[in-house]
Amino acid sequence: MKKLMSLVLIVLALLTACTATPEETSVPDVPSADSMTKPVIAVCLPALDNPLMLGFQDAFKGAFGADYDVQVASADGNANTQATQVENFTAMKVKFMFVMPVESSSLVPKLIAARQAGVIVLVAGGDPGNADAYDSVMMMNQYLSGMYEAYMAKQWVDATYPDAEDGSIETVIFESTLNTEAVSRSNGIKMIAEPYLKNVNGEYIDADGKVVTEANRIPNPAYSSKVNVVQIVQAEMFQAGQTAMQNVLTTNPNVKLVLAYAGDGGMGASQAILDEFAKGPGVSAIEDLNKIAVFGVGMIGAEGPAVLDSATNKTVFRGTIRFGGDLVGRTIEFAGKMLNGDIIKIIYDPLDIVTIIDGKLMSTAIEDTEVFTIPTAEPVDVKLAPGP
(Lines give C-alpha, C1' and ligand atoms only; values in the text may rest on other atoms or scores of the structure.)
Protein backbone atom coordinates (compact mmCIF):
# COMPACT_ATOMS: atom_id res chain seq x y z
CA MET A 1 0.00 0.00 0.00
CA LYS A 2 2.82 2.43 0.86
CA LYS A 3 4.46 1.75 -2.52
CA LEU A 4 1.14 2.37 -4.29
CA MET A 5 0.62 5.69 -2.49
CA SER A 6 4.15 6.78 -3.33
CA LEU A 7 3.55 5.97 -6.98
CA VAL A 8 0.33 8.01 -6.99
CA LEU A 9 2.10 11.03 -5.44
CA ILE A 10 4.90 10.85 -8.01
CA VAL A 11 2.40 10.73 -10.89
CA LEU A 12 0.49 13.71 -9.50
CA ALA A 13 3.71 15.68 -9.12
CA LEU A 14 4.71 14.96 -12.72
CA LEU A 15 1.27 15.99 -13.98
CA THR A 16 1.56 19.27 -12.07
CA ALA A 17 5.02 19.97 -13.48
CA CYS A 18 3.88 19.29 -17.05
CA THR A 19 0.74 21.41 -16.95
CA ALA A 20 1.92 24.48 -14.97
CA THR A 21 3.14 27.39 -17.12
CA PRO A 22 4.61 30.76 -16.18
CA GLU A 23 1.50 32.48 -17.56
CA GLU A 24 -0.64 30.68 -15.02
CA THR A 25 1.37 31.85 -12.04
CA SER A 26 3.21 35.08 -11.50
CA VAL A 27 5.97 33.29 -9.59
CA PRO A 28 7.68 30.25 -11.17
CA ASP A 29 7.76 27.51 -8.51
CA VAL A 30 8.14 24.25 -10.43
CA PRO A 31 10.41 23.81 -13.47
CA SER A 32 8.56 22.84 -16.64
CA ALA A 33 9.21 19.56 -18.37
CA ASP A 34 11.06 21.37 -21.17
CA SER A 35 13.43 22.96 -18.66
CA MET A 36 14.74 19.50 -17.81
CA THR A 37 16.02 19.08 -21.40
CA LYS A 38 16.42 22.65 -22.69
CA PRO A 39 18.28 25.58 -21.16
CA VAL A 40 15.86 28.15 -19.79
CA ILE A 41 15.39 31.77 -20.87
CA ALA A 42 13.54 33.74 -18.19
CA VAL A 43 11.57 36.84 -19.19
CA CYS A 44 10.63 39.00 -16.17
CA LEU A 45 8.12 41.67 -17.15
CA PRO A 46 6.47 44.33 -14.97
CA ALA A 47 3.05 43.29 -16.30
CA LEU A 48 1.31 41.59 -19.21
CA ASP A 49 -1.47 44.12 -19.58
CA ASN A 50 -0.43 46.05 -22.69
CA PRO A 51 0.66 45.35 -26.29
CA LEU A 52 4.32 46.13 -25.64
CA MET A 53 4.64 43.55 -22.84
CA LEU A 54 2.72 40.96 -24.85
CA GLY A 55 5.04 41.76 -27.74
CA PHE A 56 8.06 40.87 -25.59
CA GLN A 57 6.43 37.59 -24.58
CA ASP A 58 5.62 36.58 -28.16
CA ALA A 59 8.97 37.74 -29.55
CA PHE A 60 11.07 35.78 -27.06
CA LYS A 61 9.06 32.62 -27.63
CA GLY A 62 9.11 33.07 -31.39
CA ALA A 63 12.83 33.78 -31.60
CA PHE A 64 14.17 31.30 -29.04
CA GLY A 65 11.42 28.75 -28.36
CA ALA A 66 12.91 26.07 -30.61
CA ASP A 67 16.18 25.89 -28.69
CA TYR A 68 15.25 27.18 -25.24
CA ASP A 69 12.49 26.78 -22.70
CA VAL A 70 11.21 30.38 -22.63
CA GLN A 71 9.42 31.10 -19.36
CA VAL A 72 7.62 34.43 -18.97
CA ALA A 73 6.69 35.87 -15.57
CA SER A 74 4.50 38.91 -14.96
CA ALA A 75 4.99 40.89 -11.74
CA ASP A 76 1.56 42.51 -12.09
CA GLY A 77 3.14 45.82 -11.13
CA ASN A 78 4.47 44.54 -7.80
CA ALA A 79 8.19 45.01 -7.10
CA ASN A 80 8.19 42.37 -4.35
CA THR A 81 6.62 39.83 -6.67
CA GLN A 82 9.26 40.51 -9.28
CA ALA A 83 12.06 40.13 -6.73
CA THR A 84 10.69 36.70 -5.82
CA GLN A 85 10.47 35.76 -9.49
CA VAL A 86 14.11 36.70 -10.06
CA GLU A 87 15.12 34.68 -6.99
CA ASN A 88 13.21 31.63 -8.21
CA PHE A 89 14.62 31.82 -11.71
CA THR A 90 18.10 32.11 -10.21
CA ALA A 91 17.47 28.98 -8.14
CA MET A 92 16.41 27.21 -11.35
CA LYS A 93 19.83 28.06 -12.82
CA VAL A 94 18.38 29.61 -15.97
CA LYS A 95 20.85 30.44 -18.71
CA PHE A 96 19.58 33.94 -19.54
CA MET A 97 17.30 36.42 -17.82
CA PHE A 98 15.65 39.47 -19.40
CA VAL A 99 14.32 41.90 -16.80
CA MET A 100 12.25 45.03 -17.22
CA PRO A 101 12.09 46.20 -13.59
CA VAL A 102 9.00 47.42 -11.80
CA GLU A 103 11.41 49.36 -9.57
CA SER A 104 15.11 49.14 -10.34
CA SER A 105 17.00 49.94 -7.14
CA SER A 106 15.26 47.38 -4.90
CA LEU A 107 15.92 44.65 -7.48
CA VAL A 108 19.69 45.22 -7.60
CA PRO A 109 20.67 42.65 -4.90
CA LYS A 110 18.58 39.97 -6.63
CA LEU A 111 20.15 40.71 -10.01
CA ILE A 112 23.66 40.65 -8.54
CA ALA A 113 22.90 37.27 -6.98
CA ALA A 114 21.64 35.99 -10.33
CA ARG A 115 24.86 36.97 -12.07
CA GLN A 116 26.92 35.43 -9.28
CA ALA A 117 25.01 32.20 -9.92
CA GLY A 118 26.07 32.28 -13.57
CA VAL A 119 22.93 33.77 -15.13
CA ILE A 120 23.38 36.15 -18.08
CA VAL A 121 21.30 39.24 -17.25
CA LEU A 122 19.90 41.83 -19.67
CA VAL A 123 18.05 44.77 -18.10
CA ALA A 124 15.90 47.21 -20.08
CA GLY A 125 14.18 50.45 -19.18
CA GLY A 126 16.89 52.34 -17.29
CA ASP A 127 20.10 52.05 -15.35
CA PRO A 128 19.59 50.12 -12.07
CA GLY A 129 22.42 52.17 -10.60
CA ASN A 130 24.89 49.34 -10.08
CA ALA A 131 26.96 47.89 -12.92
CA ASP A 132 27.22 44.56 -11.09
CA ALA A 133 23.46 44.05 -11.51
CA TYR A 134 23.61 43.33 -15.23
CA ASP A 135 25.73 42.00 -18.05
CA SER A 136 24.04 44.46 -20.42
CA VAL A 137 21.58 47.29 -19.94
CA MET A 138 19.39 48.92 -22.59
CA MET A 139 18.67 52.52 -21.74
CA MET A 140 18.43 56.04 -23.07
CA ASN A 141 21.30 58.49 -22.80
CA GLN A 142 19.27 60.98 -20.78
CA TYR A 143 21.89 63.71 -20.89
CA LEU A 144 22.17 63.63 -24.67
CA SER A 145 18.39 63.54 -25.12
CA GLY A 146 18.20 66.81 -23.22
CA MET A 147 21.14 68.30 -25.09
CA TYR A 148 19.62 67.45 -28.46
CA GLU A 149 16.43 69.16 -27.33
CA ALA A 150 18.56 72.22 -26.59
CA TYR A 151 20.13 71.94 -30.05
CA MET A 152 16.69 71.72 -31.68
CA ALA A 153 15.56 74.81 -29.76
CA LYS A 154 18.72 76.71 -30.75
CA GLN A 155 17.99 76.00 -34.42
CA TRP A 156 14.46 77.34 -34.01
CA VAL A 157 15.76 80.51 -32.33
CA ASP A 158 18.26 81.14 -35.13
CA ALA A 159 15.59 80.61 -37.81
CA THR A 160 12.85 82.62 -36.08
CA TYR A 161 14.99 85.42 -34.64
CA PRO A 162 17.97 85.73 -37.01
CA ASP A 163 18.76 89.29 -35.93
CA ALA A 164 18.04 88.97 -32.20
CA GLU A 165 20.56 90.42 -29.81
CA ASP A 166 22.38 88.28 -27.30
CA GLY A 167 20.27 87.54 -24.22
CA SER A 168 17.08 88.89 -25.76
CA ILE A 169 15.00 85.68 -26.06
CA GLU A 170 13.38 85.04 -22.69
CA THR A 171 13.43 81.32 -22.03
CA VAL A 172 12.00 78.96 -19.41
CA ILE A 173 13.29 75.48 -18.58
CA PHE A 174 11.08 72.80 -17.03
CA GLU A 175 13.36 70.43 -15.13
CA SER A 176 12.95 67.32 -13.00
CA THR A 177 14.98 66.18 -10.00
CA LEU A 178 12.99 63.01 -9.29
CA ASN A 179 16.02 60.74 -9.78
CA THR A 180 19.53 60.63 -11.22
CA GLU A 181 18.32 60.03 -14.76
CA ALA A 182 15.91 62.98 -14.55
CA VAL A 183 18.71 65.24 -13.36
CA SER A 184 20.91 64.06 -16.23
CA ARG A 185 18.30 64.95 -18.83
CA SER A 186 17.63 68.29 -17.17
CA ASN A 187 21.35 69.09 -17.22
CA GLY A 188 21.42 68.30 -20.93
CA ILE A 189 18.54 70.72 -21.56
CA LYS A 190 20.43 73.46 -19.72
CA MET A 191 23.29 73.18 -22.21
CA ILE A 192 21.41 75.71 -24.35
CA ALA A 193 22.91 78.34 -22.03
CA GLU A 194 26.42 76.82 -21.73
CA PRO A 195 29.01 78.17 -24.23
CA TYR A 196 31.40 75.21 -23.98
CA LEU A 197 30.89 71.48 -24.46
CA LYS A 198 30.50 69.53 -21.20
CA ASN A 199 29.62 66.00 -20.13
CA VAL A 200 26.88 64.96 -17.73
CA ASN A 201 29.19 65.64 -14.77
CA GLY A 202 29.82 69.24 -15.86
CA GLU A 203 33.38 68.54 -17.01
CA TYR A 204 34.76 70.12 -20.17
CA ILE A 205 35.12 67.56 -22.96
CA ASP A 206 36.40 67.43 -26.52
CA ALA A 207 34.47 66.24 -29.57
CA ASP A 208 35.24 62.60 -28.68
CA GLY A 209 33.90 62.96 -25.16
CA LYS A 210 37.29 62.97 -23.45
CA VAL A 211 37.65 65.23 -20.41
CA VAL A 212 39.88 68.24 -21.12
CA THR A 213 41.20 71.25 -19.25
CA GLU A 214 39.57 74.65 -19.42
CA ALA A 215 42.35 75.75 -21.77
CA ASN A 216 41.36 73.03 -24.26
CA ARG A 217 37.59 73.39 -24.05
CA ILE A 218 35.62 73.62 -27.30
CA PRO A 219 32.41 75.43 -28.31
CA ASN A 220 29.07 73.82 -27.53
CA PRO A 221 26.96 73.33 -30.70
CA ALA A 222 23.73 73.49 -28.66
CA TYR A 223 24.53 76.87 -27.12
CA SER A 224 22.49 79.93 -28.05
CA SER A 225 23.86 83.31 -27.00
CA LYS A 226 20.46 84.82 -27.83
CA VAL A 227 18.76 82.88 -25.04
CA ASN A 228 18.19 84.35 -21.59
CA VAL A 229 16.94 81.73 -19.11
CA VAL A 230 14.61 83.69 -16.84
CA GLN A 231 13.13 80.76 -14.89
CA ILE A 232 13.85 77.11 -14.13
CA VAL A 233 10.85 75.33 -12.63
CA GLN A 234 9.90 71.77 -11.68
CA ALA A 235 7.35 70.25 -14.08
CA GLU A 236 7.06 66.85 -15.72
CA MET A 237 3.53 65.92 -16.83
CA PHE A 238 0.76 67.81 -18.65
CA GLN A 239 -1.07 69.41 -15.72
CA ALA A 240 2.17 70.41 -14.01
CA GLY A 241 3.44 71.94 -17.24
CA GLN A 242 0.21 73.84 -17.84
CA THR A 243 0.13 75.22 -14.29
CA ALA A 244 3.82 76.11 -14.34
CA MET A 245 3.43 77.98 -17.62
CA GLN A 246 0.42 79.89 -16.35
CA ASN A 247 2.51 81.04 -13.39
CA VAL A 248 5.46 81.93 -15.63
CA LEU A 249 3.28 84.11 -17.86
CA THR A 250 2.18 86.20 -14.88
CA THR A 251 5.76 87.14 -14.03
CA ASN A 252 7.45 86.83 -17.44
CA PRO A 253 4.77 87.48 -20.07
CA ASN A 254 7.35 87.94 -22.84
CA VAL A 255 8.74 84.40 -22.70
CA LYS A 256 9.31 83.11 -26.23
CA LEU A 257 10.90 79.72 -25.65
CA VAL A 258 10.15 76.79 -23.33
CA LEU A 259 12.36 73.72 -22.99
CA ALA A 260 10.36 71.02 -21.19
CA TYR A 261 11.71 67.99 -19.37
CA ALA A 262 9.05 65.77 -20.96
CA GLY A 263 6.86 66.03 -24.01
CA ASP A 264 3.74 65.69 -21.89
CA GLY A 265 4.70 68.69 -19.75
CA GLY A 266 5.62 70.57 -22.91
CA MET A 267 2.13 70.03 -24.29
CA GLY A 268 0.74 71.41 -21.04
CA ALA A 269 2.88 74.53 -21.46
CA SER A 270 1.66 74.84 -25.05
CA GLN A 271 -1.97 74.74 -23.89
CA ALA A 272 -1.33 77.47 -21.32
CA ILE A 273 0.23 79.65 -24.04
CA LEU A 274 -2.73 79.10 -26.38
CA ASP A 275 -5.15 79.98 -23.56
CA GLU A 276 -3.23 83.18 -22.87
CA PHE A 277 -3.15 84.13 -26.57
CA ALA A 278 -6.93 83.57 -26.79
CA LYS A 279 -7.49 86.45 -24.35
CA GLY A 280 -6.79 88.76 -27.27
CA PRO A 281 -4.88 92.00 -27.95
CA GLY A 282 -4.62 94.41 -25.06
CA VAL A 283 -5.09 91.62 -22.53
CA SER A 284 -2.48 89.09 -23.60
CA ALA A 285 1.16 90.00 -24.15
CA ILE A 286 1.36 87.26 -26.79
CA GLU A 287 0.87 88.80 -30.22
CA ASP A 288 2.18 86.18 -32.63
CA LEU A 289 2.14 82.44 -31.97
CA ASN A 290 4.70 81.92 -34.73
CA LYS A 291 7.24 83.62 -32.47
CA ILE A 292 6.76 81.18 -29.57
CA ALA A 293 7.92 77.58 -29.26
CA VAL A 294 7.90 74.72 -26.78
CA PHE A 295 10.14 71.64 -27.10
CA GLY A 296 10.37 68.39 -25.16
CA VAL A 297 11.62 64.81 -24.94
CA GLY A 298 9.49 61.75 -25.67
CA MET A 299 7.01 60.67 -28.32
CA ILE A 300 4.90 58.03 -26.64
CA GLY A 301 1.35 59.22 -27.27
CA ALA A 302 0.00 62.62 -28.27
CA GLU A 303 3.37 64.29 -28.82
CA GLY A 304 3.59 63.44 -32.52
CA PRO A 305 0.17 64.86 -33.44
CA ALA A 306 0.88 67.90 -31.26
CA VAL A 307 4.10 68.66 -33.16
CA LEU A 308 2.23 68.22 -36.45
CA ASP A 309 -0.48 70.63 -35.27
CA SER A 310 2.19 73.26 -34.59
CA ALA A 311 2.48 73.70 -38.37
CA THR A 312 -0.86 75.55 -38.24
CA ASN A 313 -0.41 76.95 -34.70
CA LYS A 314 -3.04 74.67 -33.24
CA THR A 315 -0.23 74.07 -30.74
CA VAL A 316 3.16 75.67 -30.18
CA PHE A 317 4.76 72.33 -29.28
CA ARG A 318 7.18 72.44 -32.18
CA GLY A 319 9.52 69.52 -31.65
CA THR A 320 10.49 66.55 -29.51
CA ILE A 321 13.25 63.98 -29.12
CA ARG A 322 11.97 60.50 -29.92
CA PHE A 323 13.72 57.52 -28.40
CA GLY A 324 13.54 53.74 -28.38
CA GLY A 325 12.98 52.73 -31.99
CA ASP A 326 11.83 49.10 -32.33
CA LEU A 327 12.36 48.22 -28.67
CA VAL A 328 11.13 44.63 -28.93
CA GLY A 329 13.13 43.91 -32.07
CA ARG A 330 16.31 45.42 -30.67
CA THR A 331 15.88 43.47 -27.42
CA ILE A 332 15.64 40.18 -29.31
CA GLU A 333 18.66 41.15 -31.41
CA PHE A 334 20.86 41.85 -28.41
CA ALA A 335 19.55 38.86 -26.46
CA GLY A 336 20.63 36.63 -29.34
CA LYS A 337 24.07 38.19 -29.38
CA MET A 338 24.47 37.75 -25.64
CA LEU A 339 23.51 34.08 -25.85
CA ASN A 340 26.34 33.71 -28.38
CA GLY A 341 28.83 35.44 -26.08
CA ASP A 342 28.74 38.91 -27.70
CA ILE A 343 28.04 41.17 -24.73
CA ILE A 344 27.94 44.99 -24.76
CA LYS A 345 27.71 46.54 -21.29
CA ILE A 346 25.62 49.60 -22.16
CA ILE A 347 23.25 49.67 -25.13
CA TYR A 348 21.84 53.13 -25.72
CA ASP A 349 18.42 53.63 -27.28
CA PRO A 350 18.42 55.32 -30.69
CA LEU A 351 17.38 58.98 -30.70
CA ASP A 352 15.95 61.23 -33.39
CA ILE A 353 14.73 64.79 -33.71
CA VAL A 354 11.06 65.14 -34.64
CA THR A 355 9.89 68.51 -35.85
CA ILE A 356 8.11 70.30 -38.71
CA ILE A 357 9.92 70.82 -42.01
CA ASP A 358 7.99 72.55 -44.79
CA GLY A 359 4.70 71.79 -43.08
CA LYS A 360 5.44 68.07 -42.72
CA LEU A 361 6.22 66.00 -39.64
CA MET A 362 9.79 64.83 -40.13
CA SER A 363 12.43 62.98 -38.13
CA THR A 364 16.20 63.29 -38.30
CA ALA A 365 18.19 60.36 -36.97
CA ILE A 366 20.94 61.05 -34.43
CA GLU A 367 23.91 58.92 -35.42
CA ASP A 368 25.81 58.95 -32.11
CA THR A 369 24.09 58.24 -28.79
CA GLU A 370 27.24 58.47 -26.64
CA VAL A 371 28.78 61.82 -27.61
CA PHE A 372 27.02 64.89 -29.00
CA THR A 373 27.46 65.26 -32.75
CA ILE A 374 25.51 67.44 -35.15
CA PRO A 375 23.13 65.13 -37.05
CA THR A 376 23.92 64.64 -40.73
CA ALA A 377 21.14 62.20 -41.69
CA GLU A 378 18.48 63.26 -44.17
CA PRO A 379 15.07 63.94 -42.59
CA VAL A 380 12.37 61.36 -43.31
CA ASP A 381 8.59 61.46 -43.02
CA VAL A 382 7.04 60.38 -39.74
CA LYS A 383 3.98 58.20 -40.17
CA LEU A 384 1.54 58.62 -37.31
CA ALA A 385 -0.85 55.87 -36.29
CA PRO A 386 -4.44 56.59 -37.38
CA GLY A 387 -6.58 58.20 -34.72
CA PRO A 388 -9.60 56.56 -33.06
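The values are calculated or read from the model by the stated rules, or taken from the named source; none is laboratory data. Values in this document were obtained by computation on a predicted structure and should not be read as measured data. Methodologically, a virtual Cβ is constructed for each residue, glycine included, from the backbone with ideal geometry; neighbour enumeration extends over all protein chains shown. Surface accessibility is based on the protein's heavy atoms, side chains included, excluding ligands, DNA and RNA. Shrake-Rupley method; radii C 1.70, N 1.55, O 1.52, S 1.80 Å.
If T171 passes every condition in (1) touching a residue at least 60 places away in the same chain (Cβ under 8 Å); (2) in a helix (DSSP H, G or I) but one, which one does it miss?
(2)
Which condition number does A215 fail, the rest of (1) outside any helix (DSSP H, G or I); (2) among the hydrophobic types (A, V, I, L, M, F, W, C); (3) at pLDDT 95 or above; (4) more than 27 Å from G263 (Cβ to Cβ) being met?
It is condition (1) that A215 fails.
For residues that are part of a loop (DSSP other than H, G, I, E, B), in contact with a helix residue (DSSP H, G or I) (Cβ under 7 Å, 6 or more places away or on another chain) and over 12 Å from L144 (Cα atoms), tally how many sit in the range 177-205. First the steps, then the outcome.
Step one: of the range 177-205, the residues part of a loop (DSSP other than H, G, I, E, B) are 177-179, 194-195, 197, 199-203.
Checking which are in contact with a helix residue (DSSP H, G or I) (Cβ under 7 Å, 6 or more places away or on another chain) leaves us with 177, 200.
Next, from what is left, pick out any that are over 12 Å from L144 (Cα atoms): 177.
Total meeting the criteria: 1.
Within the range 241-266, how many residues are in contact (Cβ under 8 Å) with a residue 40 or more places away in the chain, surrounded by 19 or more Cβ atoms within 10 Å (Cβ to Cβ) and over 17 Å from A150 (Cα atoms)? Break it down stepwise before answering.
So the first thing to find is which residues in the range 241-266 are in contact (Cβ under 8 Å) with a residue 40 or more places away in the chain, and the list is 241, 244-245, 248, 252, 254-263, 265-266.
Filter once more, keeping what is surrounded by 19 or more Cβ atoms within 10 Å (Cβ to Cβ): 241, 244-245, 248, 255-263, 265-266.
Within this subset, residues satisfying the condition of being over 17 Å from A150 (Cα atoms) are 241, 244-245, 248.
Count: 4.
Can we say N78 is modelled with pLDDT under 95 and not small (G, A, S)?
Here the answer is yes, as N78 does meet what is asked.
Which number in (1) open to solvent by 10 Å² or more (accessible area, probe 1.4 Å); (2) farther than 24 Å from D163 by Cα marks the one condition that I321 misses?
Result: I321 fails condition (1) only.
Conditions tested, residue by residue: (1) touching a strand residue (DSSP E or B) at 6+ places or on another chain (Cβ under 8 Å); (2) within 15 Å of N254 (Cα to Cα); (3) of a type in the set (S, T, Y).
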site	(1), (2), (3)
G268	no, no, no
I273	yes, yes, no
E287	yes, yes, no
K291	no, yes, no
F295	yes, no, no
G298	yes, no, no
A311	yes, no, no
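Six or more apart or on different chains, Cβ atoms under 6 Å: show the pairs whose first residue is in the range 303-332 and under 23 Å from A269 (Cβ atoms) and whose second is of a type in the set (K, R) and crowded, with 24+ Cβ neighbours inside 10 Å.
Sorted first by the residue in the range 303-332, then by its partner, the pairs are S310/R318.
Within the range 286-305, work out how many residues are modelled with pLDDT under 95 and either over 24 Å from K154 (Cβ atoms) or open to solvent by less than 10 Å² (accessible area, probe 1.4 Å) (or both).
The qualifying residues number 7.
Filter the range 125-138 down to the residues that are touching a strand residue (DSSP E or B) at 6+ places or on another chain (Cβ under 8 Å), under 24 Å from N340 (Cβ atoms) and open to solvent by 20 Å² or more (accessible area, probe 1.4 Å) and list them by number.
Answer for the range 125-138, where residues must be touching a strand residue (DSSP E or B) at 6+ places or on another chain (Cβ under 8 Å), under 24 Å from N340 (Cβ atoms) and open to solvent by 20 Å² or more (accessible area, probe 1.4 Å): G125, D135.
Any residue at all in the range 138-161 that's without any contact (Cβ under 8 Å) to a residue 12 or more places away in the chain and in a loop (DSSP other than H, G, I, E, B)?
No, the range 138-161 contains no residue that is without any contact (Cβ under 8 Å) to a residue 12 or more places away in the chain and in a loop (DSSP other than H, G, I, E, B).
Does D127 satisfy the condition of being among the acidic types (D, E) and outside any helix (DSSP H, G or I)?
Numbers: among the acidic types (D, E): yes; outside any helix (DSSP H, G or I): yes.
Judged against the criteria, D127 is a match.
Tell me which residues, restricted to the range 225-239, are touching a residue at least 40 places away in the same chain (Cβ under 8 Å), under 26 Å from the mean Cα position of the chain (by Cα) and not in a strand (DSSP E or B).
Residues satisfying the conditions are A235, E236.
Which pairs do you get when a residue that is farther than 18 Å from F174 by Cα and open to solvent by less than 40 Å² (accessible area, probe 1.4 Å), found in the range 189-214, comes within reach of a residue that is part of a loop (DSSP other than H, G, I, E, B) and charged (D, E, K, R), reach meaning Cβ atoms under 6 angstrom, with the pair 6+ apart or on two chains?
V212/D206
Regarding I346, is this residue open to solvent by 30 Å² or more (accessible area, probe 1.4 Å) and within 22 Å of I189 (Cβ to Cβ)?
Criteria met by I346.
In the range 269-299, which residues are farther than 19 Å from I356 by Cβ and assigned to a loop (DSSP other than H, G, I, E, B)?
A278, K279, G280, G282, V283, A285, I286, E287
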